[in-house]
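To keep things clear, I will list the structure first and then write my remarks on it.
Read the figures in this text as sums done on the coordinates, not as results from a lab. These figures come from a predicted structure and were not determined experimentally. Positions of Cβ are backbone-derived with ideal geometry, glycine not excepted, and every protein chain shown enters the neighbour counts.
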Amino acid sequence: MGQSDVPQIISADDCSAVSLDTQADPDPDCACPIDDPLPHARAALPADSKRPYVCVDDLYTDSLGNDLRLVFNPRGHGGVVMLNGAACRLLADFAQPRPLDALAPALRPVARRLAALELIVPAGTPPQAVPDSRHTLTAWLHVTNACNLRCTYCYLKKTTKAMDLTIGRQAIASIFRSAEAHGFRAVKLKYAGGEASLNLPLVLALHTYAQALATRADLGLRGVLLTNGVALNDQAINDLCQAGLQVTISLDGVGAIHDAQRPFVNGRGSFTSIEHTLDRLAAHAVTPSVTITLTAHNLARLPEVLDYTLDRKLPFRLNFYRENDCTVGRRDLDFSDEAAMVALRAAFARIAARPPNHSLLSLLTDRARMDAPHNRPCGAGHSYLVVDQWGAVATCHMQIEQQVAHVSAPDLLGAVLAANGGLYSPHVEAKVDCQACPWRYQCAGGCPALAQRVNGSVAARSPYCNLYRMLFPEVLRLESARILTHAAI
Ligand code: SF4
Ligand code: SF4
């Protein structure tokens, strides 16, 4: 876009964007429950042109050069918006309230689009409240405590015990009872472990049962298998397709980098097995999502694994290493903010060279997400249940041994909400260190379990706070480059 007196606005609306939440694309979710943003009706185009509008306070802006400025409303749902100089001047005109019909007729449609993107709002409107998202009840079903890998950063004290059908069905029934009793509209089941594919017959049986209960209760249902991907043969993939289950695979590098971080019990690397599984999934037209966990060991090679996922057109999500009871003392897994930024910048350059046609705003920032404002980083203690192989219930899978309820409870979520001592995800406004942060509705303070472990309280800010603050502006710039690549302008 060159310099022009004609105001021009570019946003993701100008792309034929693919949502990661469609049936065609698998759940990009990783282990932690990322609250599904509440369905949001974008601001209606103002019908009353006599009503005064005013520019939203606290917009984040950044110059992109070439007469283009990036604008982002942290409380809004418009995502990254780019304005040329003339459109910026029009936005600045709304520093004082003014009705749309005070504008020249040619400018009114542009102002209406500013309103639809939530950059200007009716004068006198209080700052947009960010609602708590309690739309989906998410449950982690720990179908086995066994695993065939020994990943360096794993938090689980593994045993050979698997969940049985009786406990599993009791858990599913309790989850649906709670979803109905607490007014949720959908249930998301994460079949996990240990390595969930080691107990695949149970997963399939439970999901069939869950589908029946969802139909009976008129609730939405999504199921995802969280797997290391080493043992999914053709039959298993067929069964997963038949069951309508999505697949999320952990992949931390290419070849030896992945092998060092995610070896088999006998020390052999697992990359080759996963690559065969990815080939098999592709042959069945199944697109798994990939989660990449960053530690000091694979950080510098992040661009390589991103190239690998981009080559295969796999949606991916980045997670940062979190210290836990099993890794305490392993300082070699920690990385500095500076090292992370070097690696992430190099990785972002690879993405910018061939950006995918779906939003990047929820995929690159660990526990934060920039696609929808939210108050809590996860559903722990609110909208998330973790059921272990015995039927004990915890609020977070990384603290699965902290039982706060049992699946036999008549109101499982009620029992979790009433429990004392379980880990929970506080509201970001209750986090003193985060209250003035411009990114609080994107970050919401980070993983509470990690904040508690490293900084002493779930209400403390994330140990990754400084890294997040450096990262967020770069993710917005990357998203702007993505939009410019795909926009029909
Ligand atoms: S942890 Fe840091 S970046 Fe996140 S909301 Fe709190 S102050 Fe902001
Ligand atoms: S507390 Fe942390 S590890 Fe547990 S569910 Fe929340 S974000 Fe995930």
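When DSSP assigns beta bridges and you keep just the ones with both residues in the chain, what percent turn out antiparallel, to the nearest 5?
Counting DSSP beta bridges with both partners in the chain, the antiparallel share is about 45 percent.
Nothing charged except the Cβ atoms of Lys and Arg (+1) and of Asp and Glu (-1): what's the magnitude of the dipole of the chain about its Cα centre? Round to the nearest 20 debye.
About 280 debye.
Mind checking the full-extension length gain between D332 and A104? Use 0.36 nm per residue of separation minus the Cα-Cα distance, one decimal, nm.
75.9 nm
Fewest Cβ neighbours within 10 Å first, please rank K313, K431 accordingly.
On the way: K313 10, K431 23.
Fewest-to-most ranking of K313, K431: K313, K431.
Applying 1/(1 + (r/R0)^6) with R0 = 41 Å to the Cβ-Cβ distance of R89 and E429, what FRET efficiency is obtained, to the nearest 0.05?
Numbers: r = 34 Å, r/R0 = 0.84.
The formula returns an efficiency of 0.75 here.
For region 437-451 and region 295-312, what is the separation of their C-alpha centers, rounded to whole Å?
Each part's Cα centre sits 25 Å from the other's.
Per residue of region 266-277, in order, report the coupling 6.51 cos²θ - 1.76 cosθ + 1.60 (Karplus, θ = phi - 60°) as ³J(HN,Hα) in whole Hz, putting x for Gly and Pro.
Result, rounded to whole Hz: 7, x, 5, x, 10, 4, 4, 4, 5, 4, 5, 5.
How large is ³J(HN,Hα), in whole Hz, for each residue of region 97-103 in order, when computed from phi with the Karplus curve 6.51 cos²θ - 1.76 cosθ + 1.60 and θ = phi - 60°, using x for Gly and Pro?
Values, residue by residue: x, 8, x, 5, 7, 7, 8 Hz.
Angle, helix 337-353 long axis vs. longest principal axis of the chain, Cα atoms, 0 to 90°, nearest 10?
70 degrees
Arranged by the count of other C-beta atoms within 10 angstrom, fewest first, what order do W390, W439 take?
Arranged by neighbour count, lowest to highest, W390, W439 become W390, W439.
Nearest 10 degrees is fine. How inclined is helix 234-243 to the longest principal axis of the chain, computing both from alpha carbons?
Approximately 60 degrees, to the nearest 10.
Tell me, in nm to one decimal, what length is gained between V342 and E180 on full extension, where the rule is 0.36 nm per residue of separation less the Cα-Cα distance? Spell out each step's value before the answer.
Numbers: separation 162, 0.36 × 162 = 58.32 nm, distance 4.68 nm.
Difference between extended and current length: 53.6 nm.
Test of understanding: ordering C147, C88 by Cβ neighbours within 10 Å, fewest first, what list do you get?
Final ranking by Cβ density, sparse to dense: C88, C147.
Find the centroid of the Cα atoms in region 355-384 and in region 127-197, then give the distance between the two in whole Å.
A separation of 18 Å, based on Cα centres.
If the limit is 28 Å between Cα atoms, which of K157/K431; K157/K188; K188/K313; K161/K188 go over it?
The answer is K157/K431.
Please report the antiparallel percentage of the DSSP beta bridges confined to region 218-374, to the nearest 5.
10 percent
Rounded, prolate or oblate: pick one for region 136-406, where a ≥ b ≥ c are the square roots of the eigenvalues of its C-alpha gyration tensor, a/c under 1.5 means rounded, and failing that, prolate if a/b is larger than b/c, else oblate.
rounded
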